[in-house]
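Remarks on the structure that follows.
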Amino acid sequence: MNKYIVKGTLLLALINLTGCASLSIEPWVKPYERQNLADPIMSASRHPIANMHVAHVLDGREAARGAEGTEGGGCGCN
Amino acid sequence: MVGKPRVVLKVLKVVVVVVTKLKNILRKKIAVLFALKLVATFSLLLSTGLSQAAVLGEERLDVLYHSYEGGGMKIDGPAILLRKKATESVVVTAYYYLDSISSASVDVLSTASAYTEERNEGQVGIEYLHDKTIMSLNLRQSDEDDYFAQSISLNVSQDMFGDLTNLSMGFSYGDNEIRRNGDENFVEESEQYRIRAGINQILTRNLTASLSIEAVADEGYLNNPYRTVRYIDNSIPSGVGYQSEIYPATRNSFATKLSASYYLPYRAALFFHFRYFSDSWEIKSNDVELGYRHPIGDTFELELKLRYYQQSEAKFYSDLFPYKNAQNYLARDKELSDFNNLTIGIGATYSLPNSLSFGSSRSEVSLQWDYIDFNYNNFRDPMAEGGVGNESLYGFSANVIRAFYSVYF
């Protein structure tokens, strides 16, 4: 399991250290073509306080944890 | 020529020392992960040198009432979330959450009596924007009679490749103190480490996708101090005995989530996610969710959600053990059993007219309702008829309500 984390983290670090982050890649979706994506209805975090509650409810009732999209931190309860 | 073997010897010595040190470090996997995170974060900080800055989220205040009712439990209370700009590049966040719990769940009723308690949670955070990089720090504290938890989270995200791509990474550390009501001498501790990374990619002018991974490592007392397992005991009239659960002192898990958002031609949004989870207790789970958001006019938004979750049981779980101390680790927590659940959710948001808002600020009210149906495949209701081990399988449904008011300033 951890080897995937290590590889992934190394890859991300490599991308940054080698300067790939500052490559001037021509965006295939231009900034002025992103009005649909910028519409508030497209936001997964449109209601952040509701998302935090959903994550807390599931955290206490399901064994799965992680990659929820919220920061987590555990149920904080017995 | 004489010096050459000495140089080789010196190089070999250095290699041996480095390899030995690396071995020692590798034994501490979490330390390695943390170090990698620091390297990655540092490299991100170094590589921020582009124009066209990222943006911090909106300034807003949310006030929420939440309620969960199902399986003999009733939990409700308020929550408040504030995001406010301190400067053009700094946002501070504050969050307060209260759970008022009244529990008479199936595990409580089978071996104990119903109880009530409260849990208070507070969070403060700060987000800093520099060019295309957003760095955030969040502190969290949760407090109830028998559980005290504190955690710290660090996150970094960066836009790149013409802002089509956003990379993010984060690390959290949590420290928990576990107590048992009625037993003042009982104090246990656990720690939790989380490391995560994500990539969000604009694919077309209507479609974005993201991939998130997160590893979580727990160490310490991971039991619930009240919960018991049951075993066959023919020496007593009931035929069933109870003993405390015993969990391993470590748990490592890994989750991967793939998400996508699609803008439909008639101005509506479709959301999808799939998550796969596995851990060192041999629990495997996956969940899939489909969401739909549909504006009606300029003031209403309708949301629909369908989610399915299923998991396998922990390797040391059993609904009924054959005898006392049947194995090293023992669990009968239904959250560690083989089960599935289905959620159907509906929500609505209404943008309030200016006459009902504060000054020039925009505000809205929302109501969300989730119905969740839980079905357990190897957890029996000990209070049902049928005899020990032959009772009907347990299941329940829950209603989850969120009503909240949001103001944007």
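A few remarks follow.
- Some residue of region B:331-353 being more than 11 Å from chain A (Cβ to nearest Cβ) and within 30 Å of B:SER235 (Cα to Cα): yes
Each row is one residue, and each column tells you yes or no for (1) modelled with pLDDT under 95; (2) facing chain A (nearest Cβ under 9 Å); (3) surrounded by 17 or more Cβ atoms within 10 Å (Cβ to Cβ).
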residue: B:TYR95; (1), (2), (3): no, yes, yes
residue: B:ALA104; (1), (2), (3): yes, no, no
residue: B:LEU109; (1), (2), (3): yes, no, no
residue: B:ASP131; (1), (2), (3): yes, no, no
residue: B:GLN141; (1), (2), (3): no, yes, no
residue: B:ALA149; (1), (2), (3): no, yes, yes
residue: B:ASP163; (1), (2), (3): yes, yes, yes
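- Exclusive hit being of a type outside the set (Phe, Trp, Tyr) and surrounded by fewer than 18 Cβ atoms within 10 Å (Cβ to Cβ), set B:ALA348, B:ALA314: B:ALA348
- Checked against (1) at pLDDT below 65; (2) more than 19 Å from the chain's Cα centre (by Cα), A:GLN35 passes all but condition (1).
- Looking across region B:166-180, the residues that are more than 9 Å from every other protein chain (Cβ to nearest Cβ) and over 21 Å from A:ALA64 (Cβ atoms) come down to B:ASN166, B:ASP175, B:GLU177.
- Qualifying residue in region B:392-400 (condition: more than 28 Å from B:PRO78 (Cβ to Cβ), over 20 Å from the mean Cα position of the chain (by Cα), hydroxyl-bearing (Ser, Thr, Tyr) and crowded, with 16+ Cβ neighbours inside 10 Å): yes
- Filter pass, B:ARG119 being out of contact with any Leu (no Cβ under 6 Å at 6 or more places or on another chain), at the interface with chain A (Cβ under 8 Å from one of its Cβ atoms), outside any strand (DSSP E or B) and charged (D, E, K, R): no
- If the condition is being farther than 9 Å from B:SER151 by Cβ, surrounded by 14 or more Cβ atoms within 10 Å (Cβ to Cβ) and not aliphatic (A, V, I, L, M), then region B:171-186 contributes B:PHE171, B:GLU177, B:ARG179, B:ARG180, B:ASN181.
- Residue in region B:201-246 that is surrounded by the most Cβ atoms within 10 Å (Cβ to Cβ), counting only those that are assigned to a loop (DSSP other than H, G, I, E, B), aliphatic (A, V, I, L, M) and out of contact with any Lys or Arg (no Cβ under 8 Å at 6 or more places or on another chain): B:LEU203
- Only one of B:ASN234, B:ASN206, B:ASN224 that is facing chain A (nearest Cβ under 9 Å) and either modelled with pLDDT under 95 or closer than 24 Å to B:ARG180 by Cβ (or both): B:ASN224
- Qualifying positions in region B:347-399 - under 19 Å from B:TYR231 (Cα atoms), among the acidic types (Asp, Glu) and touching a helix residue (DSSP H, G or I) at 6+ places or on another chain (Cβ under 8 Å): B:ASP381
- Residue match in region B:183-195 (condition: under 30 Å from B:ALA331 (Cβ atoms), within 7 Å of chain A (Cβ to nearest Cβ), of a type outside the set (A, V, I, L, M) and in contact (Cβ under 8 Å) with a residue 24 or more places away in the chain): yes
- Pairs with Cβ under 7 Å, 6+ apart, first in region B:356-374 and away from chain A (no Cβ under 13 Å), second of a type in the set (Gly, Ala, Ser) and assigned to a strand (DSSP E or B): B:SER357/B:SER363; B:SER363/B:SER406
- Apart from one condition, B:VAL240 fits all of (1) in contact with a strand residue (DSSP E or B) (Cβ under 7 Å, 6 or more places away or on another chain); (2) of a type outside the set (D, E, K, R); (3) modelled with pLDDT of 95 or more; the exception is (3).
- Test: residue in region B:336-349 that is assigned to a loop (DSSP other than H, G, I, E, B) and under 26 Å from the mean Cα position of the chain (by Cα): yes
- Output for region B:257-288, where each listed residue is under 30 Å from B:LEU222 (Cα atoms), surrounded by fewer than 19 Cβ atoms within 10 Å (Cβ to Cβ) and in contact (Cβ under 8 Å) with a residue 40 or more places away in the chain: B:LEU258
- Residue match in region B:247-255 (condition: surrounded by fewer than 20 Cβ atoms within 10 Å (Cβ to Cβ) and at pLDDT below 95): no
The values are calculated or read from the model by the stated rules, or taken from the named source; none is laboratory data. Only a predicted model underlies this, so the values are computations on that prediction, with no experimental measurement involved. Virtual Cβ from ideal backbone geometry, glycine too; neighbours counted across all protein chains shown.
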